[in-house]
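Chemist: Once you've had a glance at the structure underneath, I'll fire off some questions.
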Amino acid sequence: MTATTLRDHGADKGADPGGRVTSTVGFEEFVAARSSGLLRTAYLLTHDHALAEDLLQTSLTRAWFAWSRIDGNPEAYVRRILVNTYASWWRRKWNGEHPTEELPDRTGSDFTDGAASGQDLWSALARLPRRQRAVIVLRYFEDLTEAETARTLGCSVGTVKSQTSKAMAHLRIDPALLTHTGEESR
């Protein structure tokens, strides 16, 4: 039930003097129903469980403050908050890489190489620019159409198409993915 539905049916007993809904009943139902799907999207964007949880928490907090103004489908609104918050995070200075004096030794092949190959797609996605990664996640992992992806990202359908094309071109030449297809030897 959305906030406007609560207001229209008189189910909300607590409205502030400005007429905005202060009930969180609809919000709590939404979070219970959709938080796992939104967490999956956040993980696919960040490629880190802790950051994904932080991203979702921040996005849901922002959605809670705007809940009374959301009309229609709240999931699209919250997903847009999620992607915009993610985009603002990568603009900050990144401190995840720490230089060392010596590189770690690399051993020869062992049984873990097969398991590592499953992670190559994830690492290739992590190497994509943030906007391209967002387009790939929304189009192929969240199964949104080009138009829905464009609305979520706040851009044109043409931008979604060009970013998808560029991302796929990057993935085709990614060295980690080439080693498993046998194209590296060409």
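The values are calculated or read from the model by the stated rules, or taken from the named source; none is laboratory data. A quick note: this is a predicted structure, and the numbers were derived from the prediction, not measured. Cβ atoms come from the backbone with ideal geometry, glycine included; neighbour counts cover every protein chain shown.
Chemist: Please find, within the stretch 161-186, the residue that is modelled with the highest pLDDT out of those that are assigned to a loop (DSSP other than H, G, I, E, B) and not aliphatic (A, V, I, L, M). Don't jump to the end; show me each part of the working.
Modeler: Within the stretch 161-186, the first condition is being assigned to a loop (DSSP other than H, G, I, E, B), and the residues that meet it are 173-174, 182, 186.
Next, only the ones that are not aliphatic (A, V, I, L, M) stay: 174, 182, 186.
Numbers: 174: 84, 182: 50, 186: 45.
For the stretch 161-186, the residue satisfying everything is 174.
Chemist: Let me ask something additional. What tally of residues in the stretch 48-75 results from selecting those that are touching a residue at least 60 places away in the same chain (Cβ under 8 Å) and surrounded by 14 or more Cβ atoms within 10 Å (Cβ to Cβ)?
Modeler: Number of matching residues: 4.
Chemist: Taking only pairs six or more apart or across chains, which ones have beta-carbon atoms under 6 Å, a first residue in the stretch 157-170 that is within 10 Å of residue 132 (Cα to Cα), and a second residue that is among the small types (Gly, Ala, Ser) and buried (at least 16 other Cβ atoms within 10 Å of the Cβ)?
Modeler: 160/150
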